[in-house]
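I have placed the structure first, in the form of structure tokens, so that the comments after it can refer back to it.
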Amino acid sequence: MKKEKLKKSSCLYALNYIKENIIIGIGSGSTLNYFINSIYIFKNIIKAAISSSKNSTLKLKKLNIPIFNLNMTKKTDIYIDSSDEINKKMQMIKGGGSALTKEKIISINSDKFICILDCTKKINILGNFPLPIEIIPSSKYFIEKQLIKIGGIPKYRKNIITENGNIIIDIYNMRVKNSIKLEKKINSLPGVITVGLFSIIKSNITILSFKKKIKIINYELLNII
Ligand code: 5RP
């Protein structure tokens, strides 16, 4: 089955989590574009959406779903997003689409983070996908130097200014063995807005689509067992 079909099938499963009067957080990217397209049948029961990017907001507005922001509602009932990579602890790399900061803010303020993925994104060690960091432009030289010290190869993402007016550095060659430690370390560098590691805030429920099945991983249940 083609990757795009796999993405669509995990999106369809995620529709099970939409309940009446829900405030839903919506991420960004190609998987989320499919998800937004598939929620039109629920558009009248969704109270509002909080979106992580202009692109997703535009699509939601076309469905006439009211758009809130976090300062209006404080939290969302669920947050639906995808990621670039996920490991077995449900830690993720996100930010391929440059919307990582808003994605982190919305996900931490959500009762449940539901991650929808195709099976190609499940890996053992995070880092094959270049790790994005949003930084303020004037800190570029300093931050690149620090990233080299920790073993990464930083590369400036050309022609991208984030919706917050910042730039993105992608770190190549990182094998992320301790994701929480690395997330804290990079986030503590002056000039960093946020790193695209989601290991402190991570997915509660992961919907992974394979060629012939959908696998649901509930991280809270995994911890109990
Ligand atoms: C955007 C993201 C996306 O979730 C991630 O890049 C995956 O994108 P896609 O669904 O296109 O594979 O983090 O900032």
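Expressed to the nearest 5 percent, the antiparallel share of DSSP beta bridges inside the chain is 50 percent.
Spherically averaged projected area of the convex hull of Cα atoms, the stretch 103-225: 9.0 nm². Measuring how big the stretch 131-197 is from its alpha-carbon positions, Rg and Dmax come out at 10.9, 31 Å.
Phi angles of the stretch 109-123 translate, via the Karplus equation with coefficients 6.51, -1.76, 1.60 and θ = phi - 60°, into HN-Hα couplings of 9, 10, 5, 9, 9, 10, 9, 10, 9, 8, 4, 5, 8, 7, 9 Hz per residue; Gly and Pro are given as x.
For the stretch 57-126, the list of trypsin sites (Lys or Arg not before Pro) that fall in a loop by DSSP and count at most 10 other C-beta atoms within 10 angstrom reads K74. Less than 12 Å Cβ to Cβ from Y34, Lys/Arg counted +1 and Asp/Glu -1: what total charge do the surrounding residues give? Cβ neighbours under 12 Å give a net charge of +3. Using a ≥ b ≥ c from the Cα gyration tensor of the stretch 1-146 (square roots of the eigenvalues), is it rounded, prolate or oblate, where a/c under 1.5 gives rounded and otherwise the larger of a/b and b/c decides, a/b for prolate? Oblate is the answer for the stretch 1-146, as a/c is 1.5 or above yet b/c matches or exceeds a/b. For the stretch 131-197, a crude dipole built from +1 on the beta carbon of Lys and Arg and -1 on the beta carbon of Asp and Glu, taken about the Cα centre, is about 340 debye to the nearest 20. Projecting the Cα atoms of P137, S188, G152 onto the charge dipole of the stretch 131-197 (Cβ charges, centred on the Cα centre) puts G152 farthest toward the positive pole.
Each Cα pair under 8 Å and six or more residues apart adds its sequence gap; the mean of these over the residue count of the stretch 131-197 is a relative contact order of 47 percent. The Cα center of the stretch 158-191 and the Cα center of the stretch 123-142 differ in position by 3 Å. The residues of the stretch 162-225 expose, per residue, 54 Å² of accessible area to a 1.4 Å probe.
Normalised by the number of residues in the chain, the average gap of Cα pairs under 8 Å and 6 or more apart makes the relative contact order 21 percent. The apolar share of the surface of the chain, taken as the fraction of accessible area on carbon and sulfur atoms (1.4 Å probe, ligands and nucleic acids excluded), comes to 54 percent. At a probe radius of 1.4 angstrom, the accessible area of the stretch 1-95 per residue rounds to 49 square angstrom.
The values are calculated or read from the model by the stated rules, or taken from the named source; none is laboratory data. Keep in mind it's a predicted model, so treat the numbers as computed, not measured. Cβ: placed from backbone, ideal geometry, glycine included. Neighbour counts: every protein chain shown. Areas reflect the complete protein model, heavy atoms only, side chains present, ligands, DNA and RNA absent. Shrake-Rupley method; radii C 1.70, N 1.55, O 1.52, S 1.80 Å.
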